[in-house]
1. Say we look at the stretch 382-395 and pick out the residues that are within 30 Å of the chain's Cα centre (by Cα) and buried (at least 19 other Cβ atoms within 10 Å of the Cβ); which of these is nearest to Pro365 (Cα to Cα)?
2. Restrict the check to the stretch 181-195 and report whether at least one residue is of a type in the set (Gly, Ala, Ser), at pLDDT 95 or above and more than 23 Å from Asp489 (Cα to Cα).
3. Out of Arg567, Arg580, Arg533, I need the residue that is open to solvent by 80 Å² or more (accessible area, probe 1.4 Å) and modelled with pLDDT of 85 or more. Which one?
4. List, please: which pairs have Cβ atoms under 6 Å, are six or more places apart or on different chains, and start with a residue in the stretch 514-527 that is touching a residue at least 40 places away in the same chain (Cβ under 8 Å) and end with one that is open to solvent by 10 Å² or more (accessible area, probe 1.4 Å) and of a type in the set (Ser, Thr, Tyr)?
5. Out of the stretch 203-219, which residues are assigned to a helix (DSSP H, G or I) and open to solvent by 20 Å² or more (accessible area, probe 1.4 Å)?
6. Taking the stretch 328-367 only, how many residues are of a type in the set (Val, Ile, Thr) and at pLDDT below 90?
7. Considering only the stretch 81-137, how many residues are closer than 30 Å to Leu4 by Cβ and in a helix (DSSP H, G or I)?
Amino acid sequence: MRFLLLLLLAGAGLVGLHLVLLYGGVPYGALAPALDAANAAAGLASAPWPAQPLAHNAPDYARLRAVAGGLLAAGALGLGFWRRAAGHEARRLAHDVRRAGRALAAGWRRTPGPARWAAGALLLAVAAVRTYLLAATPLNPDELVTLDYFVAPGPAVAAGFYLLPNNHVLHSLLVWPLLRGTPLEAPELLARLPVFGLGLVGLVVGFAGLARLTTWRVAALATLLFQFLPMGLEYAVTARGYGPQALCAQAAWLAALVLLRGPAGHRLAWAVWAGASGAGFYLIPTFLYPFAGSVAALVVLGRGRAAARRRRQALVAGAGVAVLAALLYLPVGWLTGWPLLLANPYVARLAPAFFWQHLLPYYVPVTVTLLYGRAVLGWPLLGLLALGPAAVRRWGAPAWRPAAWLAWAGAVAPVPLLLLQGVMPPGRTLYHTAWPALVLAGLALEAGARRWRGPGRAAWALAGALGLGHAGFRVAQQVRTQAVARRDDQSYRRVADWLAARPPGRVLVGVPGYDLYLAHQARRHRRPLPAMRGPDTRPGVRAGSYDYLVLGRGEALPAWLAPRRYRPGLCTGPLCVYQRAGAGPRP
């Protein structure tokens, strides 16, 4: 318990240092206009919901700076007062780190040669596919929002400006130093480097840790299937927080498994668990779901004195991480406003009749299809969650049972929370649940192979063949998708350049997300922002209010705009631009 208390004290000091570095040298008179300018510019990004006024004021900003200074002072003074205990625990933690490194190396050496070659080939294949996607994938609208409205205004704004749930704060702060003053024409590669680099490190360490704590076959199957899921391919390179959040969930899961298996390495396990949980929350608040699952597993599983001690430690550590996460979001609460963080439209409670009527169809097949690529996998998944832990308990090795129950908890933990919230969030918020579900599938298969050796080998061979086929299919599908996306991106650039070469005027954008693209291109090339509007059919809008129309190819011109007054200007790819006869600069 002493180690946990000192760890949380150090965490409080680090949070205070972080906030002091962000706001200690920024006066309110300089920050307030920057926040308001970011909020005004981000009106496009909040559609279809209107941008909300921010809640910042001078007294709250003074309180924020005072809290930051107090946390830093408390952490420094506390660790200084208990410096002997802190030094002793730091040395024990370093010992745990060295011991974990030796255990991973020994586990790799004990792995048979063919298995090592297979694992190395798998990791290299995943890295190669990610490198291709890093270079070949155009920026999507969510990435444009991240770069233009959260990263570009600077870290003080990025840590305190929360437009709906689009700002993954920690990710924005990681990207900002890379893009600051960059002379590159296209910042896509730099913006994606944090996600790409962290993903490669997490891929190798996660595979090695899972293989050491279970078996190399379980690690290979879970890695093969998870990395080539639709979202696994997408969020491995997308400049958003979902990929790093999944890594944090995996790190917390592995640390919790170490804690469940016994006392060895518990200092390192608690440090990894607390650090990964805090980082996961600071990426996206939806880390609540894997966090709740791991806390519940640490509290419920196990018997005896060791389990009782771990239960107390889990409650203390969980409460401490929750407090530190709340402190990290103080800038959002006091500068943007707590409602946009805690009651935005994505987490607003739905009407009970609507919620219960659409709940099952939303998750099966919609969410299952988004996560796994096939709706038909919904029922096998439910069967696995129902029978997997029992199969491992009956036929598997005793050391696998904590992993099976922990994987089950990680896969189903969001369900009771979502039922209590009464919300149906986007499928990407549940992306992290796929990994523990696949680990549970591997453990169940391993338990069956332990019980029936001959059929078990055949089952593993079939699982490997299906996994490789799944990976090949996904890669081929992704190559085709990226080829289309690159062609469309070239068309988007041609339309943006065509509009920039014409006299300025009002632009009606009828293609979802293209207004964000036009604004991004204008900022990147230091051009004036076009006066863009979405479709507006209100009676007060005159038929000649727009000088240019950007519509989808084949889409009819709106009748309320008197289409005879417009002539085609440019059609390329999925877009067509129309120009009003006699359109020119407006006074």
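1. First pass over the stretch 382-395, keeping only residues within 30 Å of the chain's Cα centre (by Cα): 382-389.
Applying the additional criterion that residues be buried (at least 19 other Cβ atoms within 10 Å of the Cβ) yields 384, 388-389.
On the way: Leu384: 17, Gly388: 21, Pro389: 24 Å.
Restricting to residues being within 30 Å of the chain's Cα centre (by Cα) and buried (at least 19 other Cβ atoms within 10 Å of the Cβ), the top hit is Leu384.
2. No, because not a single residue in the stretch 181-195 is of a type in the set (Gly, Ala, Ser), at pLDDT 95 or above and more than 23 Å from Asp489 (Cα to Cα).
3. After ruling out the rest, the residue left standing is Arg567.
4. Listed pairs, sorted by first residue: Tyr517/Tyr492.
5. Hits for the stretch 203-219 are Val204, Val205, Ala208, Ala211, Arg212, Leu213, Trp216, Arg217.
6. To start, the set of residues in the stretch 328-367 that are of a type in the set (Val, Ile, Thr) comprises 332, 336, 347, 364, 366-367.
Retained after the next criterion (residues that are at pLDDT below 90): 347, 364, 366-367.
Here the count works out to 4.
7. Here is the first cut: in the stretch 81-137, the residues closer than 30 Å to Leu4 by Cβ are 81-107.
From what is left, the residues that are in a helix (DSSP H, G or I) are 81, 83-107.
The qualifying residues number 26.
Yes/no per residue for (1) in contact with a strand residue (DSSP E or B) (Cβ under 6 Å, 6 or more places away or on another chain); (2) open to solvent by 30 Å² or more (accessible area, probe 1.4 Å); (3) more than 30 Å from Val484 (Cβ to Cβ):
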site: Arg92; (1), (2), (3): no, yes, yes
site: Val97; (1), (2), (3): no, yes, yes
site: Arg116; (1), (2), (3): no, yes, yes
site: Arg130; (1), (2), (3): no, no, no
site: Leu133; (1), (2), (3): no, no, no
site: Asn140; (1), (2), (3): no, yes, no
site: Ala152; (1), (2), (3): no, yes, no
site: Pro155; (1), (2), (3): no, yes, yes
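The values are calculated or read from the model by the stated rules, or taken from the named source; none is laboratory data. Every value quoted in this text rests on a predicted model; they were computed, and no experiment measured them. Here the Cβ is made from the backbone with ideal geometry for all residues, glycine too, and neighbour counts use every protein chain on show. SASA here: full protein model, heavy atoms, side chains in, ligands and nucleic acids out. Shrake-Rupley method; radii C 1.70, N 1.55, O 1.52, S 1.80 Å.
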